[in-house]
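**Q** Input: one structure, supplied below.
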Amino acid sequence: MKTSFLKIVQCAFAVALGFSSCQTTQSEMKLEQQGDSLTVVHITHPTKYLLLPIEEKAAESQVRLDTGDAADTDMDVRLAQTQVDYFVPFELPAGVRTATVRINRIAKEALCWKQMKLSDTFDTTNTDKFRPVYHHTPLYGWMNDANGLVYKDGEYHLYFQYNPYGSVWGNMHWGHSVSKDLMHWEHRAPAIARDTLGHIFSGSSVVDVNNTAGYGAGTIVAFYTSASDKNGQIQCMAYSCDNGNTYTKYEKNPVLTSFDGLKDFRDPKVFWYAPEEKWVMIVSADKEMRFYASKNLKEWEYLSAWGEGYGVQPRQFECPDMVQLPVNGDKSRMKWVMLVNVNPGCYFGGSATQYFVGDFDGTHFICDSPKETVKWLDWGKDHYATVCFSNTGDRVIGVPWMSNWQYANIVPTRQYRSANALPRELGLYEQAGELYVSAAPVKEVQGLRRENKEVPAFTIDAEYRIESLLNDNEGAYELELHFTNETAKVMGFKLFNEAEEEVNIYFDLPEGKLVMDRTKSGIVDFGRNSTPHTLEAHDRRVSTSINYRDDFALATWGPVAKAPTHTLNVFVDKCSVEIFLDGGKIAMTNLVFPNAPYNRMSFYGNGGSYRVDKCAIYKLEL
Ligand code: FRU
C-alpha cells in the first residue's frame, strides 16, 4: 500500500490574549492517503469545523471522526469529485490538541482534497432565492418529516428528519427548531444524531408528567426508529432533562423490535391513554399499523393491528398519528382520527396523507367507514408525513412536510431542501352523514399580516384584473377571498408575474371541484418523468380520472360541496401556494418555483356571473 502525505497549513488561528503579547496557535491539516480508498486527515489545534466540499451527484464517501470510541459513526458524504456545489461543516472536537478524521471510498485525485478547509465559522447566510419567508426551513441541509413534535413550557419543539452533510436525503438526525408562536423558529443544534445503531428515522415525543420512566417528572421522552442494513428497523428511546435541547439515548435500546422480522417497521407514535393510565405506541408495519402498550415507556406489549386493506391499495404505511377531536366542536362527541401517511402511489402521484375516523377502546382502533373509503388531509401534491404536537391541550396542531418523495431531492434549491407547510389546526366536521377532518392554518399566522389592501367588492362576468397586488411584493402574502355565486359554472383567478408564469385556481362547479393548476407556474421541468400515469378516483366524492404527463407540471383538485358562498384563504410564499377552503374543509398545498413573485391577479368566470364580496391582500412578514 502506498501512503502519501499532503500538508495543508490553514490560515485559521486560535488566539489567546495575554497582558502584553498575543500568542497565536496555528491549525494544521495533514492528509495521509493510504492507497485509493482510505485517507486519514490529521488535524492539529482543530478549528471548530472541517468544511467539506460537496458535489451532489458524486457517490457517497464515509467520513468519521476517529476518537477511538466504539460509538464513532461513519457519515455518508457526497465529497466533491470534479466540482464543488457547496460546503457543509463537519464539527471537530473542542479543547483537544489533535483530531483525526477518516475518510473512506474516495479517490486520491478527487477535487475535495484541494478544497477541504479548516474554519471556526460556517456561513449560513441564505443563498437560495426560493427560501420561504414565513415557512420553516432548516438553516442548511436536507429536511423531510417533522418528528417528535412537542409543546412544553411555552415552546414548540419541531424536530425533523435532517441531513447536516448535504441537501439530499442521508445521515438521518433529528434536526431541531424552537418557536413560541409556530411562526418564528430558532434553529438549534441537531438533538439526536445518527449512531452505530443506524439512521435516526421518524418518531414522536411525549412529556412524562407522572415520571413513569423514572427520569424525572416533566422529562421529554422521544421515540424514533433506528434504521440500518445490519439491524433493520428497530424502535428506540431517548430522553431529555433540559426541556428538549439535548437527549440521552436509552442504554438498553431498542425498546421494541418487530415479532415477525418485518423490513418496514417504523415511525413510532406514542400517546397517553388516560382511561387505562397507560402509554400506547403505534408503529407503521408495512401495510398496517401495530399497537403496543406500556406503563413505563420502556417495556412494550403487543395489543393489536389495524389497517390492512384500508384506503388506497396496496400502499406502504408511514408516520402514524392518532388524535382525538370533537365532532363540529362538540366535546361530548369525541372521535379518534388515525393519520396514515402513504407512499408511493397517491392520488396525484407519490406521497400523501390519508386519515380514518373511528373509535379506540384502548386495544383496537375501529374505523367508522368501509375499507375502500379514502379521505385525504390535503388535496395538493406537496403535503406529507403530517403528525401532530403532543401536550397542546385542546388544540390539535399538525405539521406537514411540504414536498413529495417523487422529486423532493431535486427541487431547484441548493443550500437547503424542503420546508414545512403552515402548521394546521385540525377539526372534525360532518357532511352528508360522513365525518371529515378540516385543516385550517393556525391563527398565529394572522400575526404576520402587514400591509393590507382591500379591493372593493365586484361582479365578474368577463375578466377583472388587479395589476399590482403589493407595492413591494417579495412573494410572501395572503389573499382572503369571499365568493358568492350567481350563475357561474367556473369561478376562478390566476396569480401571475411579468414572465406570464401563473398559478390558476378555480372552482369547477358542475364537477364539484376546486382546482389548483401549476403547469405554467415557473420552473416545472425538473420533475419531468417520461412515463405517463393514469390516476383513478380514489375518493367517492370525486368521480373523475385524469392523465398526467408529468410529476410536477400538473393540476391538483379537491371536492367542493354545493354552497352559495365560499371563502378561500390563499397563502403564497417564495415557493409554495396553500389554499384553505371554507375554514380548512379542503386544504391544498403545492410547491411552485416562479422566476419572479406573482404580483398580478386576474379573476375570470365562465357560464355566468359571480361576486367577489371580499378581496383582501396582506403582505406577510416575520
Ligand atoms: C417518511 C419516511 C419515514 C421514515 C423517514 C426516513 O417520509 O420514509 O417512514 O422514518 O421518512 O427519513
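**Q** Would you please classify the overall shape of region 141-441 from the alpha carbon gyration tensor, given that a ≥ b ≥ c denote the square roots of the eigenvalues, rounded means a/c under 1.5, and beyond that prolate means a/b larger than b/c while oblate covers the rest? Walk me through the numbers on the way to the answer.
**A** Working: a/c = 1.27, a/b = 1.11, b/c = 1.14.
Because its axes are fairly even, with a/c under 1.5, region 141-441 counts as rounded.
**Q** Please give the length that would be gained between Val327 and Glu109 if that part of the chain were fully extended, namely 0.36 nm times their separation in residues minus their C-alpha to C-alpha distance (nm, one decimal). Write down the numbers at each step before the final one.
**A** Details: separation 218, 0.36 × 218 = 78.48 nm, distance 6.45 nm.
Result: 72.0 nm gained on full extension.
**Q** A further question follows. Given contacts defined as C-alpha pairs under 8 Å and at least six residues apart, what's the relative contact order of region 326-388, whole-number percent?
**A** Working: 98 pairs, mean separation 18.9, N = 63.
Rounded, it is 30 percent for region 326-388.
**Q** Extending each Cα 7 Å along its Cβ direction at Lys562 and Thr246, get the distance between those two points in nm, one decimal.
**A** Between Lys562 and Thr246, the label points sit 6.4 nm apart.
**Q** Right, next: With every protein chain left in place and a probe of 1.4 Å, what is the accessible surface of Met601, to the nearest 10 Å²?
**A** Its heavy atoms expose roughly 0 Å² to the probe.
**Q** Output the relative contact order of region 247-344, whole-number percent, from Cα pairs under 8 angstrom with separation of 6+ residues. Could the numbers behind the result be given before it?
**A** Details: 170 pairs, mean separation 19.7, N = 98.
In percent, rounded to a whole number, it is 20.
**Q** Highest first, please rank the peptides 298-309, 149-160 by the mean number of other Cβ atoms sitting within 10 Å of their residues. Working shown, then result.
**A** Numbers: 298-309: 15.9, 149-160: 20.5.
Those peptides, ordered most packed to least, come out 149-160, 298-309.
**Q** Taking the Cα-to-Cβ direction at Thr196 and at His364 and moving 7 Å from each Cα, how far apart do the two end points lie in nm?
**A** About 4.5 nm, to one decimal.
**Q** Of Lys249/Lys287; Lys443/Lys619; Lys263/Lys295; Lys335/Lys375, which pairs sit farther than 25 Å apart, going by alpha carbon to alpha carbon? Could you put the intermediate results ahead of the total?
**A** Values: Lys249/Lys287 29 Å; Lys443/Lys619 16 Å; Lys263/Lys295 27 Å; Lys335/Lys375 16 Å.
Those over the limit are Lys249/Lys287; Lys263/Lys295.
**Q** So which aspartates and glutamates pass the test for Lys489, namely a Cα distance under 18 Å, with those fewer than 8 places away in the same chain ruled out?
**A** Result set, ordered by chain and number: Asp461, Glu463, Asp508, Glu511, Asp517, Asp613.
**Q** To the nearest 0.05, what FRET efficiency results for Glu621 and Glu511 with a Förster distance of 35 Å applied to their C-beta separation? Display every interim value, and only then the final one.
**A** On the way: r = 37 Å, r/R0 = 1.06.
Efficiency, from the Cβ-Cβ distance: 0.40.
**Q** OK, next. Cα centroid distance between region 250-271 and region 152-172, in Å?
**A** 20
**Q** Pairs of Cα atoms under 8 Å, at least six residues apart: use those to get the relative contact order of the chain, whole percent.
**A** Numbers: 1745 pairs, mean separation 66.8, N = 622.
Once normalised by length, the contact order is 11 percent.
**Q** Okay, next question. Run down the lysines and flag those whose C-alpha is under 18 Å from the C-alpha of Lys381, throwing out any fewer than 8 positions away in its chain.
**A** Lys513, Lys520, Lys574, Lys585
**Q** If R₀ is 45 angstrom, what is the calculated FRET efficiency for the pair Thr125 and Glu276, using the beta carbon separation as r and rounding to 0.05?
**A** Working: r = 52 Å, r/R0 = 1.15.
Efficiency for this residue pair is about 0.30.
**Q** Once Lys and Arg get +1 and Asp and Glu get -1 on their Cβ, which of Val63, Tyr355, Tyr604 lies farthest toward the positive end of the dipole of the chain?
**A** Sorting the options by dipole projection puts first Val63.
**Q** Moving on to the next point. Cα to Cα, under 12 Å, and not fewer than 8 places away if on the same chain: which aspartates and glutamates meet these conditions relative to Lys180?
**A** Partners found: Asp153, Glu155, Glu444.
The values are calculated or read from the model by the stated rules, or taken from the named source; none is laboratory data. No experiment lies behind these values; they were computed from the predicted model shown. Glycine gets a Cβ as well: all are built from the backbone with ideal geometry, and neighbour counts include every protein chain shown. Side chains are part of the model used for accessible areas, which takes the heavy atoms of the whole protein and leaves out ligands, DNA and RNA. Shrake-Rupley method; radii C 1.70, N 1.55, O 1.52, S 1.80 Å.
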